[in-house]
């Protein structure tokens, strides 16, 4: 880890701590964000394949782009979202926003002042606190 990365992580952690999150929760949010980011990358696909979710059974599969075969794979998204919901349940004044585009951060924490009253989170999530 570079010095700049360590400073960024410390700043992020201090900001989350100031909002009332515990040290454990700040680390858990960071891990959740990294898990969701990787999951979104795999949904978009790599050279070797992509992750797909069966519409009827909700099970996840790895689709190999070379052979066209599907194999069951672990559903890391559902677990990460459950852990996020459990953490956010303790902080009722804050909301979380999961951004599914793998080109940016996957998780944002929104304060009440970040989104104007009656507006949609989709338009204002970048005002929140990004969790890398």
Within the range 104-132, track down each residue that is free of Cβ contacts under 8 Å to residues at least 40 places away in the same chain and either in contact with a strand residue (DSSP E or B) (Cβ under 6 Å, 6 or more places away or on another chain) or not in a loop (DSSP other than H, G, I, E, B) (or both).
108, 110, 121, 122, 123, 124, 125, 126, 127, 128
Looking at this structure, is residue 117 in contact with a helix residue (DSSP H, G or I) (Cβ under 9 Å, 6 or more places away or on another chain), farther than 27 Å from residue 9 by Cβ and surrounded by fewer than 17 Cβ atoms within 10 Å (Cβ to Cβ)?
no
Please verify whether residue 124 is within 28 Å of residue 5 (Cα to Cα), in contact with a helix residue (DSSP H, G or I) (Cβ under 6 Å, 6 or more places away or on another chain) and either buried (at least 19 other Cβ atoms within 10 Å of the Cβ) or modelled with pLDDT under 95 (or both), treating the condition exactly as stated.
no
Some residue of the range 68-76 being under 13 Å from the mean Cα position of the chain (by Cα) and closer than 22 Å to residue 42 by Cα
yes
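Filter the range 1-13 for residues that are touching a helix residue (DSSP H, G or I) at 6+ places or on another chain (Cβ under 9 Å), assigned to a helix (DSSP H, G or I) and exposed (fewer than 15 other Cβ atoms within 10 Å of the Cβ) and give the result.
none
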From the option list 65, 48, 96, single residue qualifying as surrounded by 10 or more Cβ atoms within 10 Å (Cβ to Cβ) and within 19 Å of the chain's Cα centre (by Cα) is 96
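Residue check: is residue 30 farther than 14 Å from residue 75 by Cβ, touching a helix residue (DSSP H, G or I) at 6+ places or on another chain (Cβ under 8 Å) and in a helix (DSSP H, G or I)?
For residue 30, the condition - farther than 14 Å from residue 75 by Cβ, touching a helix residue (DSSP H, G or I) at 6+ places or on another chain (Cβ under 8 Å) and in a helix (DSSP H, G or I) - is met.
Which of the residues spanning the range 6-26 are in contact (Cβ under 8 Å) with a residue 12 or more places away in the chain and out of contact with any strand residue (DSSP E or B) (no Cβ under 6 Å at 6 or more places or on another chain)? Walk me through it before giving the result.
The first filter runs over the range 6-26 and keeps only residues in contact (Cβ under 8 Å) with a residue 12 or more places away in the chain, leaving 8-9, 12-13, 15-16, 19-21, 25-26.
Across the range 6-26, the qualifying residues are 8, 9, 12, 13, 16, 19, 20, 21, 25, 26.
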Quickly run through the range 69-87 and pick out the residues that are touching a strand residue (DSSP E or B) at 6+ places or on another chain (Cβ under 7 Å), under 17 Å from residue 54 (Cβ atoms) and surrounded by 13 or more Cβ atoms within 10 Å (Cβ to Cβ).
70, 73, 75
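Listed residues 33, 18; which is modelled with pLDDT of 95 or more, within 22 Å of residue 89 (Cβ to Cβ) and loosely packed, with under 15 Cβ neighbours inside 10 Å? First the steps, then the outcome.
On the way: 33 fails: loosely packed, with under 15 Cβ neighbours inside 10 Å.
One residue alone meets the criteria, 18.
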Tell me which residues, restricted to the range 90-103, are in contact (Cβ under 8 Å) with a residue 12 or more places away in the chain, within 30 Å of residue 46 (Cα to Cα) and assigned to a loop (DSSP other than H, G, I, E, B).
99, 100, 101, 102
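The values are calculated or read from the model by the stated rules, or taken from the named source; none is laboratory data. Everything numeric in this text was worked out from a predicted model, so none of it was measured. Using ideal geometry, Cβ is built from the backbone for each residue, glycine included, and neighbour counts are taken over all protein chains shown.
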